[in-house]
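These notes are about the structure you will find just below.
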Amino acid sequence: MPPPSDVVVVLALAGMLAVAFVHPSGRVEALVGLTCAALTLATGLLTSAEARSALTSLAPVVAFLVTILVVSDVCARAGLFTAAAQRVGRWSGGKPALLFTGVFLLAAVVTAVLSLDATVVLLTPVVLAACLARSVPAGPGTYACLRMANSASLLLPVSNLTNLLALPHLDLTFTGFAVAMAPVLAVVLVVEYVGLRVLFLRDLTGEPQPDPTTLQDVPAFPLVVVGLMLVGFAAVSPFGGQPWWVSALAALVLSVWGRHRHLLGVRDVAHAAHPGFAIWVLALGVVVAGLSVGFLGDAVAHLVPDSLSLGAIVLIAVIATVLANLLTNLSATLLLVPLVAPLGNTAVLAALLGLNIGSGLTWTGSLANLLWRRTLTAYDVAPGSVAFHRVSLSLTPPALLAAAVTLWLTS
């Protein structure tokens, strides 16, 4: 029987996860997060120094989250996602299979460069509109966005907050991380693409549909800034630079540009940054730190293998998958990565396989899954749980296994 202090922390985490699922206003998110963090501190499981350490380690990640959300929002307002989707549609000639292929690749690129939130929140509605305009079934394209939001976030440290949280535990630069994960991602993309083609075979065999859209100009300035931002990430990493330094500069430049072009105002920038969610993530770090020193941390530590054989890598990925789907992948990252870090880079990367790919298994595995569902609900086309799990249960296990084997072979 867990002691009362552990029970309080578990209930605090449950309250925070409930807020994440309901996704209320930013003020409510922040208030619940602060309350749950305060309850965790009141148990005495964490010292003030340990709480400060948790917040200090999370602060650069949250700073990146806030600034990259602003970058993505300005790009969306400028029409970058719309222009890209239109060109994919024009390239496809209205053929459903080609349209799906283009959307699949576009979603992978957006996820890798601008993070998975941009894919599920900003790109998915554009893809949905492109499919509806051509009377093409929207399922393949929207599911491509969802699957790439989780799986394609393996490539770069900035593609997912899980990667950024793990980065301090890795002896890898920004470029080194990408080199290590590139072959893994390549294999995962093949598995995901083939699997989606098979699952949606009927939807992808229709007749070509006319393209009714007039192409918008690609906004050059945001595209250049995003490109320079990506170069900046790689440039500052060998010198100990933080990704948020670069994303903050990009957010500032794009906000000034967007203001000059009358695309947004100061309030819009503040709203795009989602400060309530940022406070929630910081509070989550305190709550999970409390769990880590309690019974759950001990239980997970006993499951972690002490080798890096193929079986051990698969086991770490599976543990990460289970934790992600029980606690969400952000909570699972904070709990698991410090426990596997002593085994080295390969063990941490194996954990990220489960935290990224594995989080696509259930609705609760990743906040991206819930945001994607909420985005489609706004258009009254959200799939039911049976349809969602038909896809996730068909694709996640083979993708995760293929990724683990590839990581073992290349490490």
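The values are calculated or read from the model by the stated rules, or taken from the named source; none is laboratory data. Values in this document were obtained by computation on a predicted structure and should not be read as measured data. In this analysis, Cβ positions are derived from the backbone assuming ideal geometry, glycine residues included, and neighbour counts consider all displayed protein chains. Please note that ligands, DNA and RNA were not included when accessible areas were found on the heavy atoms of the full protein model with its side chains. Shrake-Rupley method; radii C 1.70, N 1.55, O 1.52, S 1.80 Å.
The long axis of helix 139-151 is offset from the longest Cα principal axis of the chain by roughly 40 degrees.
Note the angle between two axes, namely the Cα long axis of helix 275-292 and the longest principal axis of the Cα atoms of the chain, as a number of degrees from 0 to 90, rounded to the nearest 10. Between the helix axis and the principal axis of the chain, the angle is about 40 degrees. Considering only protein heavy atoms and a probe of 1.4 Å, how much of the accessible area of region 219-281 is carbon and sulfur, as a whole percent? Roughly 73 percent, rounded to a whole number. Think of it as helices only: each DSSP H run of n ≥ 4 in the chain is worth -39500 (n - 2.57), and spread over all residues that comes to -24500 deg cm²/dmol at 222 nm. Rolling a 1.4 Å probe over the heavy atoms of the protein chains gives the chain an accessible area of 41 Å² per residue. Using a probe radius of 1.4 angstrom, the carbon and sulfur fraction of the accessible surface of region 53-172 is 68%.
Kirkwood analysis of the Cα pair distances in the chain returns a hydrodynamic radius of 21.6 Å.
Phi angles across region 313-318 convert, under the Karplus curve 6.51 cos²θ - 1.76 cosθ + 1.60 with θ = phi - 60°, into 3J(HN,Hα) values of 5, 4, 4, 4, 5, 5 Hz, Gly and Pro given as x. Ranked by the mean number of other Cβ atoms within 10 Å of their residues, highest first, the peptides 389-400, 123-134 come out as 123-134, 389-400.
Cα convex hull, region 251-322: 155 Å³ per residue, rounded to a whole number.
Which shape class, rounded, prolate or oblate, goes with region 1-65 when its Cα gyration tensor gives a ≥ b ≥ c as root eigenvalues, a/c under 1.5 marks rounded, and past that a/b bigger than b/c marks prolate? Verdict is oblate for region 1-65.
Sort region 309-411 into rounded, prolate or oblate with this rule: let a ≥ b ≥ c be the square roots of the eigenvalues of the Cα gyration tensor; rounded if a/c is under 1.5, and if a/c is not under 1.5, prolate when a/b is larger than b/c, oblate otherwise. Because a/c hits 1.5 or more and a/b exceeds b/c, region 309-411 counts as prolate. With the cut-off at under 19 Å, measuring from each backbone N in region 257-299 to a point 7 Å along the Cα-to-Cβ line of Ser25 picks out 267-281. Classification of region 202-266 by its C-alpha gyration tensor yields an oblate form. The axis ratio a/c (a ≥ b ≥ c) is 1.5 or more, and b/c is at least a/b.
Assuming charge only on the beta carbon of Lys and Arg (+1) and of Asp and Glu (-1), the dipole of the chain about its Cα centre is about 800 debye to the nearest 20. A simple count of charges around Pro140, restricted to other residues whose Cβ falls under 11 Å of its Cβ and scoring Lys, Arg +1 and Asp, Glu -1, yields +2. Could you work out the local net charge near Gly265, counting Lys and Arg as +1, Asp and Glu as -1, over the other residues with Cβ closer than 14 Å to its Cβ? Spelling it out: positives minus negatives among the neighbours equals +2.
Judged by the mean number of other Cβ atoms found within 10 Å, the most tightly packed of the peptides 36-42, 357-363, 302-308 leads the ranking 357-363, 36-42, 302-308.
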